[in-house]
Amino acid sequence: MNDSAPSKVVVVEDEPQMRRFLRASLGAHGYHPLEAGTAAEAIALITSHNPALILLDLGLPDADGIDLTRELRGWTRTPIIVISARGREDDKVEALDAGADDYLTKPFGVGELLARMRVALRHAASREGAGEAPPTLSLAGLEVDFTARTVRLDGEPRHLTPIEFKLLALLARHQGKVLTHRQILTEVWGPGYADQSHYVRVHMAELRKKIEREPARPRVVATEPGVGYRMRVEA
Ligand code: CA
């Protein structure tokens with residue numbers, strides 16, 4: 001992001017306090033916030049400004065944020081980060097499956113907001129290219145060469161099954177981003193397996209035994225309770 005003009009971010013949020021917080025945080029870190037309080041205003045702003053990113057509150061006065069996400073995904077791939085109330089795991093999953101890129105749970109800090117935005121913007125930029133898995137990964141003692149298909153933990157070779165390797169490659173391709181159980185199942189096993197959440201749990205447990213120093217305290221792939229998994233950007 002070396003553009004001279006600050007990246008435009010459309011903030012779709014009806015709560016004045018949260019809007020103030022987002023306006024101040026984005027403005028202070030080189031972004032140009034554009035504010036919408038309703039879904040209708042959001043659509044008008046997004047069509048006229050073509051923003052780099054959208055921050056979207058799920059509870060809007062004139063529409064459901066999940067429906068709005070689906071509608072937006074009909075014509076734009078601009079990254080969407082959903083802002084959700086604590087404890088609404090089902091909403092988060094639905095929003096992600098509808099095409100949102102990530103979510104933030106209220107209350108959140110500026111650091112977390114900026115980190116999630118950087119990941120979403122980086123993925124959007126790399127999508128313009130081939131969208132391939134990174135050739136190598138180095139994280140918490142784990143060294144993976146995706147081209148040679150070799151995996152080492154603290155220098156020791158680890159033998160992954162084809163499914164485990166696919167799972168690891170998928171998470172690496174989306175490093176920093178949360179993936180829902182449904183997204184993982186569809187990508188690794190196929191569309192017919194979207195509801196078999198236990199497949200993911202079983203194979204993730206096996207994968208962690210091979211790629212984590214302490215499988216019970218994972219540093220490479222974090223569990224997002226009730227939602228899915230996220231490969232960390234740093235350990
Ligand atoms: Ca709201």
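Odds and ends about this structure:
- Residue ranges 25-31, 170-176 sort as 170-176, 25-31 when ordered by packing (mean number of other C-beta atoms within 10 Å per residue, highest first).
- Using θ = phi - 60° and Karplus 6.51 cos²θ - 1.76 cosθ + 1.60, couplings along the stretch 191-199 (whole Hz; Gly, Pro as x): x, x, 10, 4, 9, 8, 3, 5, 4
- For the stretch 8-127, accessible area per residue (1.4 Å probe, heavy atoms of protein chains only), Å²: 43 Å²
- A cut-off of 5 Å between modelled amide H atoms, ignoring neighbours fewer than 5 places along the same chain, links E224 with Y229, R230.
- In the structure shown, the pairs K92/K210; K92/K177; K166/K210; K106/K166 are assessed against 22 Å; a Cα-Cα span above that value is assigned to K92/K210; K106/K166.
- Shape of the stretch 6-64, Cα gyration tensor, a/c cut at 1.5: oblate
- Full extension of the chain segment joining D195 with E234 gains 11.0 nm, where the gain is 0.36 nm per residue of separation less the Cα-Cα distance.
- Cα-based shape type of the stretch 109-235, given that a ≥ b ≥ c are square roots of the gyration tensor eigenvalues and the cut on a/c is 1.5: rounded
- Computed from the alpha carbon atoms alone, the convex hull of the stretch 8-127 holds 93 Å³ per residue.
- With K and R counted +1 and D and E -1, the other residues having a Cβ less than 12 Å from that of S48 yield a net charge of 0.
- Phi to ³J(HN,Hα) by Karplus 6.51 cos²θ - 1.76 cosθ + 1.60 over the stretch 172-182, Hz, x for Gly, Pro: 5, 5, 10, 3, x, 10, 7, 10, 7, 3, 4
- The stretch 136-231 - percent relative contact order, Cα under 8 Å, separation 6 or more: 28 percent
- Of F165, F146, F108, the one that fluctuates the most in a GNM where the chain has Cα springs shorter than 10 Å: F108
- Considering only A125, A222, Q17, and ranking their Cα positions along the charge dipole of the chain that arises from unit charges at the beta-carbon of Lys, Arg, Asp and Glu, the one farthest toward the positive end is A222.
- Each residue of the stretch 47-55 was assigned a 3J(HN,Hα) from its phi angle through the Karplus curve 6.51 cos²θ - 1.76 cosθ + 1.60 (θ = phi - 60°); the sequence is 5, 7, 10, 6, x, 7, 7, 10, 9 Hz, with glycine and proline shown as x.
- Inter-part distance where the stretch 212-233 and the stretch 149-183 are each reduced to a Cα centre, Å: 11 Å
- Inter-label distance, nm, simple model (7 Å from Cα along the C-beta direction), A28/A44: 3.0 nm
- Simple Cβ-charge dipole of the stretch 136-231, Lys/Arg +1 and Asp/Glu -1, about Cα centre, in debye nearest 20: 100 debye
- Semi-axis lengths, Å, the chain, gyration tensor of Cα atoms, sqrt of 5 times eigenvalues: 33, 19, 16
- Dipole check for the chain: with +1 at the C-beta of Lys and Arg, -1 at the C-beta of Asp and Glu, and the Cα centre as origin, the magnitude is about 740 Debye.
- Put a dot 7 Å past the Cα of T186, heading toward its Cβ, do the same for F108, and the two dots end up 2.1 nm apart.
- Accessible surface of the chain [probe 1.4 Å, protein heavy atoms]: carbon and sulfur percent: 49 percent
- Accessible-area ranking of S84, S138, largest first, probe 1.4 Å: S138, S84
- On full extension, the segment bounded by A124 and T136 gains 2.3 nm, given 0.36 nm per residue less the C-alpha separation.
The values are calculated or read from the model by the stated rules, or taken from the named source; none is laboratory data. Just so it is clear, the model here is predicted, and its values are computed rather than measured. Neighbour counts run over all protein chains shown; Cβ positions are idealised from the backbone, glycine included. Side chains included, ligands, DNA and RNA excluded: accessible areas come from the protein's heavy atoms. Shrake-Rupley method; radii C 1.70, N 1.55, O 1.52, S 1.80 Å.
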